[in-house]
1. Within the group PRO102, PRO107, PRO124, which residue is within 15 Å of the chain's Cα centre (by Cα) and of a type outside the set (Val, Ile, Thr)?
2. Does any residue of the range 53-63 turn out to be part of a loop (DSSP other than H, G, I, E, B) and surrounded by fewer than 17 Cβ atoms within 10 Å (Cβ to Cβ)?
3. Is there a residue being among the β-branched types (Val, Ile, Thr), over 23 Å from PRO124 (Cβ atoms) and part of a strand (DSSP E or B) anywhere in the range 203-217?
4. Of the conditions (1) under 17 Å from PRO102 (Cβ atoms); (2) touching a Lys or Arg at 6+ places or on another chain (Cβ under 9 Å), ARG175 fails just one. Which one is it?
5. Here's a check for you: in the range 192-238, which residue that is of a type in the set (D, E, K, R), surrounded by fewer than 20 Cβ atoms within 10 Å (Cβ to Cβ) and in contact (Cβ under 8 Å) with a residue 12 or more places away in the chain is farthest from THR159 (Cα to Cα)?
6. Assess whether ALA113 counts as being of a type in the set (Gly, Ala, Ser) and farther than 25 Å from ILE201 by Cβ.
7. Among the residues of the range 25-38 satisfying the criterion of being assigned to a loop (DSSP other than H, G, I, E, B) and more than 21 Å from GLU133 (Cβ to Cβ), which is farthest from the ligand (Cβ to nearest atom)?
8. If you go through the range 40-54 one residue at a time, do you hit one that is free of Cβ contacts under 8 Å to residues at least 12 places away in the same chain, closer than 23 Å to LEU230 by Cβ and either within 16 Å of the ligand (Cβ to nearest atom) or among the β-branched types (Val, Ile, Thr) (or both)?
Amino acid sequence: MNLSQCELCPRRCGRRPGFCGAEDKLRIFRWGPHFGEEPPISGERGSGCIFFSRCTMKCLYCQNSPWSWKGEGKDYSAEELAGIMRSLALEDKVENWNLVSPTPYLPFIREAAEILKKDGVSLPFVWNSSGYERVETLEEYSDLCDIALFDLRYSRDETALLASRAPGYVSAARRAVKWANDNAKVIVRILVLPGYAHEAIENLRYLAEEVSNEVAVSIMSQYTPAYDALKISPFNRRVLQEEYQSVVDAADELGFENGGVQGFESSAPEISLFGENMNAGYGVTK
Ligand code: SF4
């Protein structure tokens, strides 16, 4: 597939490989039923996660650095991806296909989806994303977005640049969430970052004022320093209980009632779920 003019994400590199490192081939690190997503996503039978290699963000605290930064994984054809998705649907009987950071590979995923459609195999698609998306791309591939599981990670562009090298993140992610609220089911993930609880609160306020406080939000305490964050303060520590509580209180005050709040105690991460500790290929994650 020729993606040499790639403009799939807000970086609009116009070339492959571009900033994300993805080439003209589909690359996947891992797939399998995942039971650790938000309850409506994991359901009883697990969410059929497919972890694509490379990522349009470069987060210094990335837990999946082996494949998202360094591109580990294997190249697959669209037909092979269709085979993976088919076996997730028919053998694992997962609740949905959960596309984790799919943006650089959307044309291949569309091709796989069309093969499955002809075969009469269908499941809802979860588009699982940092939120750093273009609305034009979401429109073009809206058939791959029944459920948008989008982050609102930063409310200030200087923080997005510092922590994820993502220029224009705030407006891109906010537009993406608005689009998702109008066109799909949406869960907005608010990952509370150490030293940046105020940005999580600013994003909740944005949602309440500019989108709706009926949006489902998933407030997450699980931040754990990894990769380059181990060397950089304040990203080299966990979130403090009072920081986290300030975000939970703000969500209450702003009237958010849909979604979920991780208990602070669940901030102790499941280390086996760190990308650095996960094997490539098929695997079930609890
Ligand atoms: S998906 Fe990758 S190559 Fe395409 S515009 Fe984004 S960063 Fe550039």
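Laboratory data are not the source of any read-out in this text; all were calculated from the coordinates shown. Note that this is a predicted model, so its numbers are computed, not measured. All Cβ positions, glycine included, derive from the backbone under ideal geometry; neighbour counts span all protein chains shown.
1. On the way: PRO107 fails: within 15 Å of the chain's Cα centre (by Cα); PRO124 fails: within 15 Å of the chain's Cα centre (by Cα).
Exactly one residue qualifies, and that residue is PRO102.
2. First, pick out the residues of the range 53-63 that are part of a loop (DSSP other than H, G, I, E, B): 53-63.
Okay, now just the ones that are also surrounded by fewer than 17 Cβ atoms within 10 Å (Cβ to Cβ), so none.
Checking the range 53-63: not a single residue is part of a loop (DSSP other than H, G, I, E, B) and surrounded by fewer than 17 Cβ atoms within 10 Å (Cβ to Cβ).
3. In the first step, residues of the range 203-217 are kept if they are among the β-branched types (Val, Ile, Thr); the result is 211, 215, 217.
Among the residues that remain, those that are also over 23 Å from PRO124 (Cβ atoms) are: none.
No, every residue in the range 203-217 fails to be among the β-branched types (Val, Ile, Thr), over 23 Å from PRO124 (Cβ atoms) and part of a strand (DSSP E or B).
4. (1)
5. The initial filter retains those residues of the range 192-238 that are of a type in the set (D, E, K, R), namely 199, 202, 205, 209-210, 214, 228, 231, 237-238.
Now narrow it down to the ones that are surrounded by fewer than 20 Cβ atoms within 10 Å (Cβ to Cβ): 202, 205, 209-210, 214, 228, 231, 237-238.
Adding the requirement that they be in contact (Cβ under 8 Å) with a residue 12 or more places away in the chain leaves 202, 205, 210, 214, 228, 237-238.
Values: GLU202: 13, ARG205: 18, GLU210: 21, GLU214: 27, ASP228: 15, ARG237: 17, ARG238: 17 Å.
Among those residues, the one meeting the criterion is GLU214.
6. Numbers: of a type in the set (Gly, Ala, Ser): yes; farther than 25 Å from ILE201 by Cβ: yes.
Considered against the rule, which asks whether it is of a type in the set (Gly, Ala, Ser) and farther than 25 Å from ILE201 by Cβ, ALA113 comes out as yes.
7. The initial filter retains those residues of the range 25-38 that are assigned to a loop (DSSP other than H, G, I, E, B), namely 25, 35-38.
Keeping just the survivors that are more than 21 Å from GLU133 (Cβ to Cβ) gives 25, 35-36.
On the way: LYS25: 13, PHE35: 29, GLY36: 26 Å.
Applying the filter and picking the extreme gives PHE35.
8. Within the range 40-54, the subset free of Cβ contacts under 8 Å to residues at least 12 places away in the same chain is none.
Looking through the range 40-54, none of the residues is free of Cβ contacts under 8 Å to residues at least 12 places away in the same chain, closer than 23 Å to LEU230 by Cβ and either within 16 Å of the ligand (Cβ to nearest atom) or among the β-branched types (Val, Ile, Thr) (or both).
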